[in-house]
Amino acid sequence: MSAKARDGVVNQWGQTHDIDNLFISDGSQFTTGAAKNPTRTIVALAMRQADYIAKKIEKGSI
């Protein structure tokens, strides 16, 4: 995750920099493997992302 495309594939919401309205909702948005089981982190990020997408849909921007 990064604010700039040159530093990462997705932004803070898991949305790709290169393709509009494409969201990554799994562990592939991490740059390296985790030392511990990342399941709870992945679920938390996916839930946060779902809220973001729902708000964008309500506003008509997706």
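Considering the conditions (1) surrounded by fewer than 11 Cβ atoms within 10 Å (Cβ to Cβ); (2) outside any loop (DSSP other than H, G, I, E, B), residue 33 is excluded by exactly one of them, (2). Among the residues of region 16-40, how many are in contact with a Phe, Trp or Tyr (Cβ under 9 Å, 6 or more places away or on another chain) and modelled with pLDDT of 90 or more? Summing the residues that are in contact with a Phe, Trp or Tyr (Cβ under 9 Å, 6 or more places away or on another chain) and modelled with pLDDT of 90 or more in region 16-40 gives 2. Enumerate the pairs (first residue in region 38-55 and without any contact (Cβ under 8 Å) to a residue 40 or more places away in the chain and more than 13 Å from residue 1 (Cβ to Cβ); second residue anywhere and open to solvent by less than 80 Å² (accessible area, probe 1.4 Å) and in a helix (DSSP H, G or I)) with beta-carbon separation below 7 Å, excluding pairs fewer than 6 apart on the same chain, so at least 6 apart or on different chains. As it stands, the answer is 38/27, since those pairs meet every condition given.
Quick one: in region 41-62, which of the residues that are surrounded by 12 or more Cβ atoms within 10 Å (Cβ to Cβ) and of a type in the set (Ser, Thr, Tyr) is modelled with the highest pLDDT? Among residues in region 41-62 that are surrounded by 12 or more Cβ atoms within 10 Å (Cβ to Cβ) and of a type in the set (Ser, Thr, Tyr), the one modelled with the highest pLDDT is 52.
The values are calculated or read from the model by the stated rules, or taken from the named source; none is laboratory data. This is a predicted model, so every value here is computed, not measured. Quick reminder, even Gly has a Cβ in these numbers, built from the backbone with ideal geometry, and neighbours come from all protein chains shown. Just the protein is used for accessible areas: all its heavy atoms, side chains included, with ligands, DNA and RNA removed. Shrake-Rupley method; radii C 1.70, N 1.55, O 1.52, S 1.80 Å.
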